[in-house]
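Each remark here refers to the structure printed beneath this line.
What follows is calculated from the coordinates using simple rules that are stated; it is not laboratory data. Keep in mind that what you see is a predicted model, and the values were worked out from it rather than measured. Ideal geometry is used to build each Cβ from the backbone, glycine not excepted, and the neighbour counts take in all protein chains shown.
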Amino acid sequence: MGALDTAILPTAADIDAAAQRLFGVAVRTPLVNAPVLDAALGARVFLKAETLQRTGSFKFRGAYNKVSSIPLARRGAGVVAYSSGNHAQGVAAAARLLGMRATIVMPSDAPRAKRARTLALGAEVVAYDRNSEDRAAIAARLVAERGATLVPPYDDALIIAGQGTIGREIVEDLARLGLAPEIVVIGASGGGLAAGISLGVKARVPQAKFYTVEPEGFDDTLRSFASGKREANARMSGSICDALMSNTPGELTFPITQALIGQGLTASDAEVARAVRYAFEELKLVVEPGGAIGLAALLAGKLDVTGKVVVGVLSGGNVDADLFARLIT
């Protein structure tokens, strides 16, 4: 894994510890199997519905695992995070449960629903322009001023381990059906979800194969796999997948995804819109564009999954009503 100190990377044991912290707090989301999807793809297809997670996305898992690990003596200074919305809500909810103050640095063009829910959870929102301002620098200033703890969106061992509980649940729930995952398709931005799930699954099913999926034109993870080093996107906006707009894989997440995944796909906005509509019409699920990108790749035939046990992760369902209405019609 290069020159990075591998001792700071999370392990399967860290995921087990996260599962204990999250037990009774996070929702154990269902692994949905739909016969109509099986028939369409010629496979056994299961969708991990993190749309039904607390705050409407997988982000609550990592956020709570991180925030609940902050020593009691430091909790009074609160937490600071930066996010386009899903991590914001996860951190705000975790902080509220633990009686802590949360400040979220959020792009001014974030979906209204995500901003409103973050405020409703009691967090302070600091807006910024994602095309001209550095969210990490703004957050660092707030941390320094307040003595708060930074809760990164993905590049943190506790965050990654929290997301890894999804992989653990996937394996356990399939095992109850006498099955094991053969292919797992995961939307990727900074890589926390992909890193965590691949760690959680590989610890129990080492032969499983993984694919990241990114929006067309924002395929920094795919290009990083090809070059062997962390690549960056030229733009920070321009896709309906607002949840997948990190511009480069994480320093901690990339060594994990490079070693355990190493291959990826892309999906166009049109393909993602089709997946959002399909999830609504056929599965009766509300999925935001970024959360539907794995399903989009499967429906578009980007992989030959015939005869396989396939898992797609529906990572979030926080979508503005007007955008959702346009996508499903």
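Of note:
- Cross-link partners of Lys66 among aspartates and glutamates, defined as those whose alpha carbon lies under 12 angstrom from its own and excluding same-chain residues fewer than eight positions apart: Asp14, Asp155, Asp156.
- For Val184, distant residues with modelled amide H under 5 Å away: Lys209, Phe210, Tyr211, Val311
- From phi via Karplus (6.51, -1.76, 1.60), per-residue ³J(HN,Hα) for region 202-212 in Hz, x at Gly/Pro: 4, 4, 10, 10, x, 7, 5, 10, 10, 9, 7
- Derived scalar couplings between HN and Hα for region 59-64 equal 4, 4, 4, x, 4, 5 Hz in order, rounded to whole Hz, by the Karplus curve 6.51 cos²θ - 1.76 cosθ + 1.60 (θ = phi - 60°), x for Gly and Pro.
- Here the chain is treated with +1 on each Lys and Arg Cβ and -1 on each Asp and Glu Cβ, and its dipole about the Cα centre works out to around 820 debye.
- Put a dot 7 Å past the Cα of Val27, heading toward its Cβ, do the same for Arg112, and the two dots end up 2.4 nm apart.
- A straight line joining the Cα centroids of region 135-154 and region 48-96 runs 14 Å.
- Distance between region 262-278 and region 100-124 - C-alpha centres, whole angstrom: 27 Å
- Here the chain is described by how far its Cα atoms reach on the three principal axes: 56, 43, 41 Å, from widest to narrowest.
- Taking Val45, Val287, Val205 in turn, the Gaussian network model of the chain (Cα-Cα springs below 10 Å) assigns the largest fluctuation to Val205.
- Counting all C-alpha pairs of region 208-280, share separated by more than 22 Å (%): 24 percent
- From phi via Karplus (6.51, -1.76, 1.60), per-residue ³J(HN,Hα) for region 98-115 in Hz, x at Gly/Pro: 9, x, 10, 7, 10, 10, 10, 8, 10, x, 5, 9, 4, x, 4, 4, 5, 5
- Between the amide H of Val125 and those of Ile104, distances stay under 5 Å, these residues lying 5 or more places away or on another chain, with hydrogens modeled in the peptide plane.
- Gaussian network model of the chain, springs between alpha carbon atoms under 10 Å - residue of Leu222, Leu52, Leu97 with greatest fluctuation: Leu97
- GNM remark for the chain: springs join alpha carbons under 10 Å apart, and the peak mean-square fluctuation among Lys114, Lys302, Lys66 falls on Lys302.
- Placed amide H near Leu265: partners under 5 Å, 5+ positions off or other chain: Thr212, Val213, Glu214
- Simple spin-label estimate for Ser69 and Ala226 in nanometres, 7 Å along Cα-Cβ: 3.4 nm
- In whole angstrom, region 22-112 maps to an equivalent ellipsoid with semi-axes of 32, 16, 8, each derived as √(5λ) from the alpha carbon gyration tensor and ordered largest first.
- Protection-proxy order for peptides 11-20, 142-151, each taking the mean of Cβ atoms within 10 Å per residue, highest first: 11-20, 142-151
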